[in-house]
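The next block holds one structure in the form of structure tokens; read it before the comments.
Values quoted throughout were computed directly from the atomic coordinates according to the rules given, and no laboratory measurement underlies them. Predicted model, so just to flag it, every value in this text is computed and none were measured. Ideal geometry is used to build each Cβ from the backbone, glycine not excepted, and the neighbour counts take in all protein chains shown.
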Amino acid sequence: MTDLRYEAPATLEAAVALLGGAGGVARVLAGGTDVIVQMETELVEPELVVDIKKIPGLRAIAPENGGFRVGAATPAMEMVEHAGLCRAWPGVIDGVKLIGSIQVKGRATIAGNLCNASPAADSVPPLAAAGAVARVVGPAGRREVEVAKIPVSPGKTSLAKGEIIESIFLPARAKNSGDAYERFTPRTEMDIAVVGVAINLTIDGSGVCVAARVVLGAVAPTIVVSEECAKAIVGTRLDEAALEKLAAAASAACRPIDDKRGTIEFRVKVAGVLARRVALKALERARHIV
Ligand SMILES: Cc1cc2nc3c(=O)[nH]c(=O)nc-3n(C[C@H](O)[C@H](O)[C@H](O)COP(=O)(O)OP(=O)(O)OC[C@H]3O[C@@H](n4cnc5c(N)ncnc54)[C@H](O)[C@@H]3O)c2cc1C
């Protein structure tokens, strides 16, 4: 076990300087619900941990341009209890609600869920389907990165040394649009997704789908943003033929692993079943969100 240095800086700039200057393994500590478990099991042995929870402004959900900016240290439970966010992005909240127990959600953050880079992370598919954008701050300044571009492989992100996610922006909800996320797990709670599907879609006045983003989780090394799935439903009223095409496209987009929690065959099949179910739920919400 290496000696551990713990720092809780008061500014983002100081946090970036600490992380950028670290010689060995360094980790941001947000809720700690992944990183502390990994340290306990010696999966990671950082020499430096930088706690970002004491940085003012990082723990807020602020309205912005019709959408919401969620600070990187905001606990998941505060998102679940935020009426405006629940109304605008129910599918994102479907995913956030699934992160562990109430106690885990009292600590866990969506930025941590994203940066842990697990392909099974529950908030990441709906955030990507929503077109959420992460604001990243690092030694070279600030940049905006689509959430879908942050995880690059299991446990790895596209963030450079010293970079931290400061906040995640959820855009304004388009008129007549809705989103939804569902996952399959062997147990009803406190389990890891075997397959997850998020869909965000928009319909026109006559009920025809005019835009869609379909994102699959836990079926490949990273989330899969599937153009083919979107094409299957855009231009349709999500009738049986369109849902059949969507299910086939979702199954075809899977590149899953075979493990004790689900075989490849099972995951491929369930992706199609869930895609259908989630599309109908998003459609129902689109009919009611105006
Ligand atoms: C009992 C239990 C049940 C769980 N169930 C689920 C579940 O059902 N679904 C699910 O998706 N997850 C689940 N998790 C995993 C975990 O709770 C989530 O991934 C959580 O969202 C992680 O957030 P955190 O703030 O605790 O991250 P942390 O543990 O603080 O950090 C996670 C990783 O992200 C990095 N990081 C954190 N914040 C930032 C930032 N702002 N910028 C850059 N890097 C950052 C850290 O360095 C670390 O590598 C569970 C965990 C436990 C302990």
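Between I36 and A10, what FRET efficiency comes out of the Förster formula 1/(1 + (r/R0)^6) with R0 = 22 Å and r the beta carbon distance, rounded to 0.05? Present the calculation step by step, with values, prior to reporting the outcome.
Working: r = 22 Å, r/R0 = 0.99.
Efficiency, rounded to the nearest 0.05: 0.50.
Give me the compactness ratio for the chain, meaning the Cα radius of gyration over 2.2 N^0.38 Å.
Values: Rg = 18.9 Å, N = 290, 2.2 N^0.38 = 19.0 Å.
Against the compact-globule rule of thumb, the ratio is 1.00.
Restricting things to Cα coordinates, could you compute the convex hull volume per residue of the range 30-102 in Å³? List each step's numbers first, then the result.
Numbers: hull volume 7.9 nm³, N = 73.
Taking only Cα atoms, the range 30-102 has a hull volume of 108 Å³ per residue.
For a quick check: sort C86, C229 by the number of other beta carbons within 10 angstrom, fewest at the front.
Arranged by neighbour count, lowest to highest, C86, C229 become C86, C229.
Would you give the gap between the C-alpha center of the range 26-60 and the C-alpha center of the range 211-226, rounded to a whole Å?
Each part's Cα centre sits 27 Å from the other's.
Relative to the longest principal Cα axis of the chain, at what angle does helix 12-21 sit, 0 to 90 degrees, rounded to 10?
Relative to the chain, helix 12-21 is tipped by roughly 70 degrees.
Using the number of other C-beta atoms within 10 angstrom as an exposure proxy, rank L114, L18 with the fewest first. Spell out each step's value before the answer.
Working: L114 26, L18 18.
Fewest to most other Cβ atoms nearby, the residues stand as L18, L114.
What is the distance in Å between the Cα centres of the range 179-209 and the range 235-258?
Going from one Cα centre to the other spans 13 Å.
With the cut-off at 32 Å, tell me which of the pairs K105/K231; K260/K281; K105/K156; K156/K269; K53/K175 have Cα atoms farther apart than that.
K105/K231; K53/K175
Going toward the positive end of the dipole of the chain, with +1 on Lys and Arg Cβ and -1 on Asp and Glu Cβ, which of I203, I168, V133 do you reach last?
Final value for the positive-end residue is I203.
Quick check: residue separation of S158 and A62 times 0.36 nm, minus the Cα distance between them. What number comes out in nm? Could the numbers behind the result be given before it?
Values: separation 96, 0.36 × 96 = 34.56 nm, distance 2.58 nm.
Full-extension gain reported as 32.0 nm.
With a point put 7 Å past each Cα toward its Cβ, work out how far Q103 is from V25 in nm, to one decimal.
The two pseudo-label positions are separated by 2.6 nm.
If neighbour count is taken as other Cβ atoms inside 10 Å, put E189, E7 in order from fewest to most.
E189, E7
Sequence-distant or interchain residues sharing an amide H contact under 5 Å with T157, placed H: which?
The answer is V152.
Most fluctuating residue of I264, I192, I93 in a GNM of the chain with Cα springs under 10 Å: which is it?
I264
Mind checking the angle between helix 264-288 and the chain's longest principal axis? C-alpha axes, 0 to 90 degrees, to the nearest 10.
80 degrees
Per DSSP H run of n ≥ 4, the term is -39500 (n - 2.57); total these for the chain, divide by its residue number, and report the mean residue ellipticity at 222 nm rounded to 500 deg cm²/dmol.
Helix contribution divided over all residues of the chain: -9500 deg cm²/dmol.
About its Cα centre, what dipole magnitude does the chain give when the only charges are +1 on Lys and Arg Cβ and -1 on Asp and Glu Cβ, stated in debye to the nearest 20?
Numbers: 34 positive and 32 negative charges, 129 e Å.
Its charge dipole is roughly 620 debye.
What number comes out for the charge environment of L85, summing +1 per Lys or Arg and -1 per Asp or Glu over other residues with Cβ under 11 Å away?
+1
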